[in-house]
1. Between helix 91-103 and the chain, what is the angle of the helix's C-alpha long axis to the longest principal axis, kept within 0 to 90° and rounded to the nearest 10?
2. Given Cα pairs under 8 Å that are at least 6 residues apart, what percent is the relative contact order of the chain?
3. Could you pull out every residue, at least 5 positions away or on a different chain, whose amide H is within less than 5 Å of the one on L5? Hs are placed 1.01 Å off N in the peptide plane, and Pro or chain starts have none.
4. Please identify every one of the trypsin sites (Lys or Arg not before Pro) in the range 66-99 that sits in a loop by DSSP and has no more than 16 other beta carbons within 10 Å of its own beta carbon.
5. How long is the gain from L36 to T2 if the chain were fully straight, where each residue apart is worth 0.36 nm and the alpha carbon distance is subtracted?
6. In whole Å and largest first, what semi-axes does the C-alpha gyration tensor of the range 4-103 yield when each eigenvalue is scaled by 5 and square-rooted?
7. So how far apart, in nm, are the two label points at E103 and L49 if each is 7 Å from Cα heading toward Cβ?
8. What ³J(HN,Hα) values, in whole Hz, does the Karplus curve 6.51 cos²θ - 1.76 cosθ + 1.60 give for the range 62-68 when θ = phi - 60°, with x put for Gly and Pro?
Amino acid sequence: MTYSLSFLPEVANDAIIGYDWYEDRSTGLGNDFLRLFYANANEIPRNPLLYPIVFKNFRRRLLRRFPYAIYFRIEDRNVVVFGLFHCARSPGFIEDSLNIRAEE
């Protein structure tokens, strides 16, 4: 089955926060972060069932080089990315954020 990929608008802000933090540490590192995020996100639709459900029907893909995770749901034939969060965030914060975004 072929899946399409879409992002909630809030994910752009999540990515900008990560970009800014890494770019402040080292010029070009923010660009590396964004490239890795989008490369990983674009791989998810190939086999979204590969990634574990972490709560409710949200799945998670961990980024390898950076301590971030992509949270998404499968809706019909569409993979919808709901968030990009630093792994040090509390699970409660992530779950609450995703629930709020899912309600909008």
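1. 60 degrees
2. Once divided by the residue count of the chain, the mean separation gives 29 percent.
3. Counting only residues 5 or more places away or on other chains, the set is V79.
4. Working: sites: R73, R77, R89; in loops: R77, R89.
Here the trypsin sites (Lys or Arg not before Pro) that fit, given the DSSP loop and packing criteria, are R77, R89.
5. Net length gain for the segment: 10.0 nm.
6. Each semi-axis is the square root of five times an eigenvalue, giving 22, 15, 12 Å.
7. 3.2 nm
8. Along the range 62-68, the couplings run 7, 7, 7, 7, 10, x, 10 Hz.
Taken together, the values in this text are just the output of simple stated rules run on the coordinates, not laboratory data. This structure is a prediction, so every number in the text was calculated from the model and none was measured. Using ideal geometry, Cβ is built from the backbone for each residue, glycine included, and neighbour counts are taken over all protein chains shown.
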